[in-house]
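The values are calculated or read from the model by the stated rules, or taken from the named source; none is laboratory data. These numbers come from a predicted model, not from an experiment. Counting neighbours? That spans all protein chains shown, and the Cβs are built from the backbone with ideal geometry, glycine included. In case anyone asks, the SASA skips ligands and DNA or RNA and just uses the protein heavy atoms, side chains included. Shrake-Rupley method; radii C 1.70, N 1.55, O 1.52, S 1.80 Å.
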Amino acid sequence: MIDWKYNPENYESESYDLIPAGEYRVKIEDAAEQVSQSGKDMIRLKLKVNGYSVPLWYYMVFDNSTEESKKRTDQRLGAIYESFEIERGNVNVNDWKGKTGGARVKQRADNKGEMRSEVHYFLSRKKVTTLPAWEGKNEEQTDFGRIPPMEDESNNRIPF
């Protein structure tokens, strides 16, 4: 049995603010293989949106039930590959983590009537390059995950 004395003063309710509809740089913070409610394989993406602390979730479901659903799945998967510069055909979620791309965010009412922000679609790589630079600290990544070259190679010394 768990031995714990809960202190309600330590709890802060999380609020998930809406992300306004628009086009944003997004980063794959986490990617995991899962099974959908209908029993189909899927990849769950947790996305960080430029300028917002609330994450977005995207579920890439692999549906091969009909030729049309296979085409739709390949279309969605291809959009992810292009936007995040992931090698086509690569479904290794560990390779997806940390990649930066772009998404069109929209708002819609969920089944309880509450408004939610969600990914409408992923942006082409060409469109991603036109988006504003990442706001604030972008972890250790810049320019879509590429580390820029040092301007002066003579300054390769560690400053301590």
Cβ-defined net charge surrounding ALA31, 10 Å radius [Lys, Arg +1; Asp, Glu -1]: 0
Spin-label pair ALA21/LYS40, simplified geometry with 7 Å Cα→Cβ offset, distance in nm: 2.5 nm
Sequence gap at least 6, Cα distance under 8 Å: using those rules, report the relative contact order of the range 62-137 to the nearest whole percent. 25 percent
Any idea of THR130's accessible area? Nearest 10 Å², probe 1.4 Å. 90 Å²
The lysines whose Cα lies under 22 Å from the Cα of LYS126, excluding any fewer than 8 residues away in the same chain, are LYS27, LYS48, LYS97, LYS99, LYS106
Determine how large the accessible area of ASP17 is when every protein chain is in place; take a 1.4 Å probe and give Å² rounded to the nearest 10. 110 Å²
Amide H within-cut-off set for ILE19, under 5 Å, with H built and near neighbours excluded: SER117
Ordering MET115, MET42, MET60 from largest to smallest accessible area (1.4 angstrom probe), what's the sequence? MET115, MET42, MET60
